[in-house]
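The values are calculated or read from the model by the stated rules, or taken from the named source; none is laboratory data. In this text the structure is predicted, and so the values were computed from the model without any measurement. Positions of Cβ are generated from backbone atoms using ideal geometry, with glycine treated the same way; all protein chains shown enter the neighbour counts.
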There are 2 protein chains.
Amino acid sequence: MKVIITGGAGFLGQRLATALLRENVLPFRELILADIQRPNAPVDDPRVRCLALDLTQPGAASQLIDKHCSVLFHLAAIVSSHAESDFDLGMQVNFDATRQLLEAARHHAPAMKFIFTSSLAVFGGQLPPMVSDDCAVLPQSSYGTQKALCELLINDYSRKGFVDGRVLRLPTISVRPGKPNKAASSFASGIIREPLHGESSICPVSPDLALWLSSPGTVIDNFIHAAQLSAAQFGTSRTVNLPGISVTVQQMLHALGAVAGEQARARVSFVPDATINRIVASWPGHFDVRRALALGFSVDEDFQQIISAFMRDDMLQAGS
Amino acid sequence: MKVIITGGAGFLGQRLATALLRENVLPFRELILADIQRPNAPVDDPRVRCLALDLTQPGAASQLIDKHCSVLFHLAAIVSSHAESDFDLGMQVNFDATRQLLEAARHHAPAMKFIFTSSLAVFGGQLPPMVSDDCAVLPQSSYGTQKALCELLINDYSRKGFVDGRVLRLPTISVRPGKPNKAASSFASGIIREPLHGESSICPVSPDLALWLSSPGTVIDNFIHAAQLSAAQFGTSRTVNLPGISVTVQQMLHALGAVAGEQARARVSFVPDATINRIVASWPGHFDVRRALALGFSVDEDFQQIISAFMRDDMLQAGS
C-alpha cells in the first residue's frame, strides 16, 4: 500500500509526512512526496520516496497513482493572492491538475481515499453570522472558485464510486513557520511569527477583522483523521468545514502580548492593503462546525495555546 | 452586433430565436443559431445564420465569438439522464465547452452578456422546505454537478471582468412539445403532452412528488429579460433561481383532467423507475424567488394556464 502527498515540499506536506511516518496510524509500505521541485525527506526512513513532478503536465497524475495507492493527500496548490493575479496558472494547478488526479484515481485506484484541502475562501458575499455546511459558496477570489470547482467534482466522483473523496475546508492556518508567502492570509502568521523572531511585521487588515484559525498541528491531525473515517460517515456530502477558532486580529495581538510580552506586540504596525483586505474580509470569521466535531475532527483550545505550540515546535528548530 | 444561440436546433433555441426575431427587443444585425447539426431557421429572416458546430472541438468557441458579439445564450447541453449514463460526454459538453466559450469571450468579447442556462438540478441532499439563493448546492447527478461547475466559473469570469455573465437556474420545463428526451424530467411534459395527443404515457415517479415548473413561454421571456438587465442589478452573485410554480404530479394530472377531460387524464399510468426517481426526487419542489421577482423575472399563474398555452401554441402546428 502506498500513501501519496502532493505539495510534499510544502510546510504542511512535510509536517504531514513526518506525522505519518512517526505515528504509524495509516498502514503503508511507501510514502510518496511529490512536488514541482523534488521535496526533501523530512525523516530518514526507507519508506519515503521523493518525486519532482509537475502535475499540470499530461500523464503526471497517472505516473503518480496506481492500484497500490490507498490514500492521496492532495495539498498542492497555487495560493490565494497568486491565483488571483495569475488566473490561468491557478486554473491549471488548482483545478485541472486535481481533475487529472481524479481521473487517474477513477481508472487506476477507485477505492483510494482522495483527501482534498479546500478552504474557507469558497465562501463570500452576504454571509450569515455563523456559516454552516449548508451555506451556499460564493467565492470572491479565483482561488476560492477553483477550490469550489474541485469540491463539486470530488463529490460527484465519490457519488459515482470513481474515487472515495473527502474534502476538508481548512481554516486560515496560523502560526505557519518559515517565510511569508503569496497567500492573502500570509499576514495571519506573519504578525505573530516575525515579532517572535524579533522582527517587525505589517498587518494589512483592520484589527477588528475576525479570522477563522487553526494551528498547523490540529490541521495535520484532521488530515489523518479524514483518512480514517469511513465513506458512509460523511453521508450525502463529502465536504466538511473543519473546526477552527474565531479570533480578531486584535485578540491575536493581545495573545501575542500575553505570551511573548508587549515588546513583541509593538513590532506589528497596521498598513491597510485594499487587495488583501478585499479577499480576506470576504471570508467568514465564524462557523457552525457541529457536523465536523460529530465526525471526530479536532479543534484548538485558544490562540495563546497556538502561539505557545509554535514557540515550542517551530522556533527551536534552527531558528526557522 | 451579433446575438448567438447555442443549442439553436433545440426546442428552446428555436423558440428563443423566433421571439428575438419577432419582438425586436435586443438590437442585432445577425442572429447565429449554432448546434451540433445545422439548425433550421425558425423564421425566414435575412438576419439569421445557421451553423453546424461541435463545441467540444478545439477552436470551436473562437469560431463562434468575436468582438461583434453582444449576447450569447448558451443553451447547448447534454441532458440529465444522458449526462448521468455518459459521464465523460457530459463533462465535455456541459462543462469543457462552456469553459471554452468563456475563454473565447474573455479574449474576444469581454463585454458580451453570457446568458447561461443552469438548472434546479444543482440542488440535492437535505434541503430546507423553501430553497433560496443562499442555499448550498449539493448535486445528486453529474448533470447538476456540471451545471454547478459552470455557475462558479461564470461568476468568477464576471467578477474579474472577463465576461458579463448571467446564470439562470431553470425550473423543470413543462409542457415541452415534441418527443420524450433523455432528461430525467422528460415525463413532466410527457404525462401532459401524450394524453393531449390521445396517446398513453407512463409516469415514473410518485403522484405526491412536487415539481418546480415553468412554461416554455415564461422561460423564453426570462432569457430575454436576463439580457436586458444591467450587471450591477445582480449584485455579488450572477446566479438566479428563476421563478416557477410548485405543483405535485397529482395536481398536474388534476389540471389535465380539468382542461382536457378525464379520458385524457386516464391515459397516464404509474410505473416507478428507481433511477429517474432518485434524480428527480433530489430536486427541490419549492423556492423562495423574491430576488428573481425583484429583478423583474416572470412567473406562470397556474398549471391549467400552462396546459392551455401548450394547446394553443404548440398543438395547432402540424400536430407536433
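Points to keep in mind about this one:
- Residue under evaluation residue B:82, criteria (1) at the interface with chain A (Cβ under 10 Å from one of its Cβ atoms); (2) assigned to a helix (DSSP H, G or I); (3) under 21 Å from the mean Cα position of the chain (by Cα), criterion not met: (1)
- Against the list (1) among the hydroxyl-bearing types (Ser, Thr, Tyr); (2) surrounded by 24 or more Cβ atoms within 10 Å (Cβ to Cβ); (3) within 14 Å of chain B (Cβ to nearest Cβ), the condition residue A:174 fails is (3).
- Only listed residue being under 30 Å from residue B:157 (Cβ atoms) and within 14 Å of chain A (Cβ to nearest Cβ), chosen from B:239, B:218: B:239
- Subset of the range A:106-119 that is part of a helix (DSSP H, G or I) and within 14 Å of another protein chain (Cβ to nearest Cβ) - its residue that is surrounded by the most Cβ atoms within 10 Å (Cβ to Cβ): A:106
- Among (1) aliphatic (A, V, I, L, M); (2) within 21 Å of residue B:182 (Cα to Cα); (3) more than 18 Å from the chain's Cα centre (by Cα), the one test that residue B:280 misses: (3)
- Of the residues making up the range A:126-146, at least one is surrounded by fewer than 22 Cβ atoms within 10 Å (Cβ to Cβ), more than 9 Å from chain B (Cβ to nearest Cβ) and either of a type outside the set (A, V, I, L, M) or part of a helix (DSSP H, G or I) (or both).
- Evaluation of residue A:201 against (1) in contact with a Leu (Cβ under 6 Å, 6 or more places away or on another chain); (2) more than 13 Å from every other protein chain (Cβ to nearest Cβ) (one fails), failing number: (1)
- Neighbours by Cβ (under 6 Å, 6+ apart or cross-chain): first from the range A:199-210, in the same structural domain as residue A:271 (by the TED database) and loosely packed, with under 14 Cβ neighbours inside 10 Å; second in a loop (DSSP other than H, G, I, E, B) and not acidic (Asp, Glu): A:200/A:267
- Every pair of residues 6+ apart whose Cβ atoms lie under 6 Å, when the first sits in the range A:22-34 and is without any contact (Cβ under 8 Å) to a residue 60 or more places away in the chain while the second is of a type in the set (Ser, Thr, Tyr) and surrounded by 23 or more Cβ atoms within 10 Å (Cβ to Cβ): A:34/A:6
- Among the residues of the range A:147-156, those identified as more than 7 Å from every other protein chain (Cβ to nearest Cβ) and in contact with a Phe, Trp or Tyr (Cβ under 8 Å, 6 or more places away or on another chain) are A:150, A:151, A:154.
- Test: residue in the range B:4-20 that is more than 20 Å from the chain's Cα centre (by Cα) and in contact (Cβ under 8 Å) with a residue 12 or more places away in the chain: no
- Matching option when the condition is touching a Phe, Trp or Tyr at 6+ places or on another chain (Cβ under 8 Å) and of a type outside the set (S, T, N, Q), among A:169, A:176, A:99: A:176
- Among the residues of the range A:159-171, those that are in a strand (DSSP E or B) and within 14 Å of chain B (Cβ to nearest Cβ) comprise A:165, A:167, A:169.
- Residues located in the range B:105-134, provided they are under 17 Å from residue A:235 (Cβ atoms) and at pLDDT below 95: B:124, B:125, B:126, B:127, B:128
- Answer from B:48, B:25, B:71 - the residue that is aliphatic (A, V, I, L, M), modelled with pLDDT under 95 and farther than 18 Å from residue B:153 by Cβ: B:25
- Filtered residue count, the range B:67-81, keeping only those that are farther than 15 Å from residue B:119 by Cα and touching a residue at least 60 places away in the same chain (Cβ under 8 Å): 5
- In this structure, residue B:268 does satisfy being over 23 Å from the mean Cα position of the chain (by Cα), in contact (Cβ under 8 Å) with a residue 60 or more places away in the chain and crowded, with 21+ Cβ neighbours inside 10 Å.
- Neighbours by Cβ (under 6 Å, 6+ apart or cross-chain): first from the range A:128-141, under 15 Å from residue A:288 (Cβ atoms); second aromatic (Phe, Trp, Tyr) and not in a loop (DSSP other than H, G, I, E, B): A:131/A:287
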